[in-house]
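Chemist: What follows is a structure written as structure tokens; I'll ask about it next.
Bear in mind that the values in this text are calculations on the coordinates, not laboratory data. Note that the coordinates shown come from a computational prediction; the quantities given were computed from them, not determined experimentally. Don't worry about glycine lacking a Cβ; one is built from the backbone with ideal geometry, like all the others, and counts go over all protein chains shown.
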Amino acid sequence: MTASTTMTIRVSSETKLKLERIAAATRRSKSFLAAEAVSAYVDRELEIFEGIKRGVADAAAGRVVPHDEAMAEIDAIIEAAEAKRAGKA
């Protein structure tokens with residue numbers, strides 16, 4: 001098991017009440033649920049930040065697709081999907 005530490009946060013009364021409802025319904029402690037929520041948030045945000053960093057590095061290295069080309073590819077995919085759907089109707 002990973003070592004843990006204590007952190008104090010402030011939440012609105014409404015959020016606290018909602019957390020208490022979830023805790024009661026799931027038979028989990030508020031601390032457990034809050035830790036899970038913070039962990040999920042941190043993981044998601046780090047993934048976003050890392051994706052942005054990769055995108056910036058790609059742009060700096062010239063690994064980009066011109067807007068017109070990207071839009072043409074998207075339009076072709078949409079047209080193909082619409083044609084497929086129309087054929088099934």
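Chemist: Please list, by residue number, every one of the trypsin sites (Lys or Arg not before Pro) in the range 1-72 that is coil in DSSP and has at most 11 other beta-carbon atoms within 10 Å.
Modeler: On the way: sites: 10, 16, 18, 21, 27, 28, 30, 44, 53, 54, 63; in loops: 10, 27, 28, 63.
Loop-located and lightly packed - 10, 27, 63.
Chemist: Here is a further query. Just to verify a number: FRET efficiency for residue 70 and residue 42, C-beta to C-beta distance, R0 = 41 Å, to 0.05?
Modeler: Taking R0 as 41 Å, the efficiency between residue 70 and residue 42 is 0.85.
Chemist: Still on this structure, I have one more. Quick one: net charge around residue 70, please, counting Lys, Arg +1 and Asp, Glu -1 for every other residue with C-beta under 14 Å from its C-beta.
Modeler: -4
Chemist: Check every DSSP H run in the chain and write down those whose alpha carbon atoms cover 30 angstrom or more along the long axis and whose mean Kyte-Doolittle hydropathy is 0.0 or greater.
Modeler: 30-60
Chemist: Let me ask something else. Can you give the Rg and Dmax of the chain based on its C-alpha atoms, in angstrom?
Modeler: Final numbers for Rg and Dmax: 22.7, 59 Å.
Chemist: To continue, here is another question. Would you calculate the separation in nanometres between label points at residue 85 and residue 11, each defined as 7 Å from the Cα along the Cα-to-beta-carbon direction?
Modeler: Between residue 85 and residue 11, the simple spin-label model gives 3.9 nm.
Chemist: Shifting gears a bit: Provide the FRET efficiency to the nearest 0.05 for the residue 25-residue 53 pair, computing r from the beta carbons and using R0 = 30 Å.
Modeler: It comes out at approximately 0.20.
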